[in-house]
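The values are calculated or read from the model by the stated rules, or taken from the named source; none is laboratory data. Computed from a predicted model, the values in this text were never measured in an experiment. Reconstructed Cβ throughout: ideal geometry from the backbone, glycine too, with neighbour counts over all protein chains shown.
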Amino acid sequence: MTSPPEPSAAAPSAARASGGGRVGGRRRGVGKRFLVVGDLLDGVLVQTRAAAVGDHDPAAVIRHRPAGAAGTTATWLGWLGAEVDMVGRVGVDDVYRHERALEDAGVRPHIRYDARTSTGALVSVRGQRGRTSMTDGAASALLSAADVPIELVARADIVHLTGEAMLGSGGTDRLVDLVARARTGAARVSLDPSSVAAVRLVGGPAFLAAVRGVDLIVPNRAEALELTGADEPEDAVRVLTRHVPLVVVTLGVDGVLVGRPGRTPQRVPATPATVVDGIGAGDAFAAGFIRAWATDPVRVGAAAREGTRVAARAVGFVGGRPPV
């Protein structure tokens, strides 16, 4: 049994009640409006010195944080001062907690709850050999186009779809339906594939066929290669522009590749940063990029530079979301 409460009507935050407020040093309520659709997860983030199975690390650092690609992108948009709505799904016991986390970042939450399924979870373990991540989509994996109110789509200038749990678990039918719902209004539609695992679950060619009609795709290097079967990011960009009119591939410390049909891919350097935690960097980049792109759809290089600036801020915090 599910129910779609609208918490924004019943319990507005102080900022929304006053009709404005300041987030990230800029006034909210000015400019374009964004709708982010995707996953809200509970994150367990671990930093450990354990080097092998069976090791015990009594000095490990373990933190619990709100997580999920969509929630992270939405909160960075809110931090940047954008008007942003977020549609997600969590377990019934966690609605209020996730609402508050979004509201504190300047986001209007529209959270559907599920009485039979728990909130999705992310476990990320960073050790001496790198990072290992595990995701249980749970309620987020059940989010569908039917959960996205038409009136929110109609008011949006940009609809952003993202989240491994949502994009990978429902196959091509869910992808087709989500893109179709996003395109019911006049908004431009952006999509972040979110993970290589999500692309592999669907298959690269099937994924691209299902998202036909989006205006922008924002994969990272691994996702772009998986989507296209290419060996190099530049080749992947050229393939992707046959399907999507604007392609932005994030390359970590190597910056960003921006592609448009018939043009040589444009490289934009990364903004230098001190990395505390890399989780959420791509989601923060997406927020910075689409906010700039919404205002000026022509100067995509400048939008990419803004994305790298926001990503550089994101890696300075554990968990990837902005400070509140």
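Of all residues in the range 147-172, count the ones that are on the phi < 0 side of the Ramachandran plot, out of contact with any strand residue (DSSP E or B) (no Cβ under 9 Å at 6 or more places or on another chain) and in contact (Cβ under 8 Å) with a residue 24 or more places away in the chain.
Of the residues in the range 147-172, 6 are on the phi < 0 side of the Ramachandran plot, out of contact with any strand residue (DSSP E or B) (no Cβ under 9 Å at 6 or more places or on another chain) and in contact (Cβ under 8 Å) with a residue 24 or more places away in the chain.
Residue count for the range 49-80, restricted to those that are part of a loop (DSSP other than H, G, I, E, B) and either within 29 Å of S190 (Cβ to Cβ) or of a type in the set (S, T, Y) (or both): 2. When residues in the range 195-226 are screened for being closer than 25 Å to G301 by Cβ and free of Cβ contacts under 8 Å to residues at least 24 places away in the same chain, 1 of them pass.
Pairing residues of the range 62-90 that are more than 20 Å from A182 (Cβ to Cβ) and without any contact (Cβ under 8 Å) to a residue 40 or more places away in the chain with residues that are surrounded by 24 or more Cβ atoms within 10 Å (Cβ to Cβ) and not acidic (D, E), at Cβ distances under 9 Å and at least 6 apart in sequence or on separate chains, gives H64/G43.
Restricting the range 28-48 to residues that are of a type in the set (A, V, I, L, M) and assigned to a loop (DSSP other than H, G, I, E, B) leaves a set whose member that is surrounded by the most Cβ atoms within 10 Å (Cβ to Cβ) is L40.
Yes/no matrix, rows are residues, columns are (1) modelled with pLDDT under 95; (2) of a type in the set (S, T, Y):
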{"residue": "G19", "(1), (2)": "yes, no"}
{"residue": "R22", "(1), (2)": "yes, no"}
{"residue": "F34", "(1), (2)": "no, no"}
{"residue": "T72", "(1), (2)": "no, yes"}
{"residue": "G78", "(1), (2)": "no, no"}
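Every condition in (1) out of contact with any Gly (no Cβ under 8 Å at 6 or more places or on another chain); (2) modelled with pLDDT of 95 or more; (3) within 23 Å of V107 (Cα to Cα) is met by V324 except one, and the failing one is (2). The strands (runs of 3 or more DSSP E) found wholly in the range 106-187 and carrying at least 1 residues that are of a type in the set (D, E, K, R) occupy 107-114, 120-127, 130-136. How many residues does the range 258-275 hold that are surrounded by 13 or more Cβ atoms within 10 Å (Cβ to Cβ) and out of contact with any Ser or Thr (no Cβ under 8 Å at 6 or more places or on another chain)? Looking only at that region, the number is 5.
Apart from one condition, S133 fits all of (1) hydroxyl-bearing (S, T, Y); (2) over 13 Å from the mean Cα position of the chain (by Cα); (3) under 29 Å from K32 (Cβ atoms); the exception is (3).
V244 satisfies every condition listed in (1) part of a loop (DSSP other than H, G, I, E, B); (2) in contact with a strand residue (DSSP E or B) (Cβ under 9 Å, 6 or more places away or on another chain); (3) more than 29 Å from R33 (Cβ to Cβ) except (3).
Residue under question is V107, and the condition is that it be of a type in the set (V, I, T) and either under 30 Å from Q128 (Cα atoms) or touching a helix residue (DSSP H, G or I) at 6+ places or on another chain (Cβ under 6 Å) (or both); does it hold? Before you say what the answer is, go through the steps one by one.
Working: of a type in the set (V, I, T): yes; either under 30 Å from Q128 (Cα atoms) or touching a helix residue (DSSP H, G or I) at 6+ places or on another chain (Cβ under 6 Å) (or both): yes.
Here the answer is yes, as V107 does meet what is asked.
Evaluated against (1) charged (D, E, K, R); (2) surrounded by 19 or more Cβ atoms within 10 Å (Cβ to Cβ); (3) part of a helix (DSSP H, G or I), D85 falls short on exactly one condition, (3).
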